1. Could you tell me which of the residues 35, 42 is closer than 23 Å to residue 210 by Cα, surrounded by 21 or more Cβ atoms within 10 Å (Cβ to Cβ) and modelled with pLDDT of 90 or more?
2. Please find, within the stretch 114-142, the residue that is modelled with the lowest pLDDT out of those that are within 19 Å of the chain's Cα centre (by Cα) and in a loop (DSSP other than H, G, I, E, B).
3. Collect the residues in the stretch 19-44 that are without any contact (Cβ under 8 Å) to a residue 12 or more places away in the chain and not in a loop (DSSP other than H, G, I, E, B), keeping them in residue-number order.
4. Within the stretch 45-63, is even one residue in a loop (DSSP other than H, G, I, E, B), outside the structural domain of residue 189 (by TED's automatic domain parsing) and at pLDDT 90 or above?
5. Kindly establish whether residue 169 is at pLDDT below 80 and either touching a strand residue (DSSP E or B) at 6+ places or on another chain (Cβ under 8 Å) or surrounded by 17 or more Cβ atoms within 10 Å (Cβ to Cβ) (or both).
6. Go through the stretch 2-17 and report how many residues are within 30 Å of residue 114 (Cα to Cα) and either surrounded by 13 or more Cβ atoms within 10 Å (Cβ to Cβ) or free of Cβ contacts under 8 Å to residues at least 12 places away in the same chain (or both).
């Protein structure tokens, strides 16, 4: 992914997968650094974010990034919501959010590319192909080229209603990137660290978590 067209500015950026056209919209007070972080996390053994998993699967060269809008840091949340509403990026919808260990209704399905057939889960796809869950999963994340001779990819399920968030869940902000996550679990996944690590940081037991500083944030009035 070429980042030479980016600047160290605050604003909103968009990453596009050239293979399937799916997009991700993010925010940061330093877009260049945030884009480089995506590339770095994608090279890990188990990337946290869905888009970083696909960067690992399809290769960084199959992704492009550009700045959508430059804006002040205090406008990042508002402008990110605006662009997500306008462009409806698939990766933002597919990014898992887990609250307090409760199971969430998944919005991520599995698609068999050659058959253009989508399943609600890896288990369902594996049963259809008469292959093991592990085989289909490895094909989806790029460890195997195919499963049963078919290419597997994630798919966005439009008709699955989002789960109602428990009231105790708190949003978390990465103070270095400006990115806001819906839960500690999602924040931990974004940088590839454990929930325990970020929890200890939030309780003041560690200075940082994953090399970042984190802070709980309140919902704005229009999100209540």
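The values are calculated or read from the model by the stated rules, or taken from the named source; none is laboratory data. From a predicted model like this one, the values you see are computed outputs, not experimental measurements. Counting neighbours? That spans all protein chains shown, and the Cβs are built from the backbone with ideal geometry, glycine included.
1. Details: 42 fails: modelled with pLDDT of 90 or more.
Answer to the check: 35.
2. It comes out as 142.
3. Correct list: 40 only.
4. Yes, the stretch 45-63 has at least one match.
5. Judged against the criteria, residue 169 is a match.
6. Taking the stretch 2-17 and keeping what is within 30 Å of residue 114 (Cα to Cα), we get 2, 14-17.
So of that shortlist, the ones also either surrounded by 13 or more Cβ atoms within 10 Å (Cβ to Cβ) or free of Cβ contacts under 8 Å to residues at least 12 places away in the same chain (or both) come out as 14-17.
Going through the stretch 2-17 one residue at a time, the tally reaches 4.
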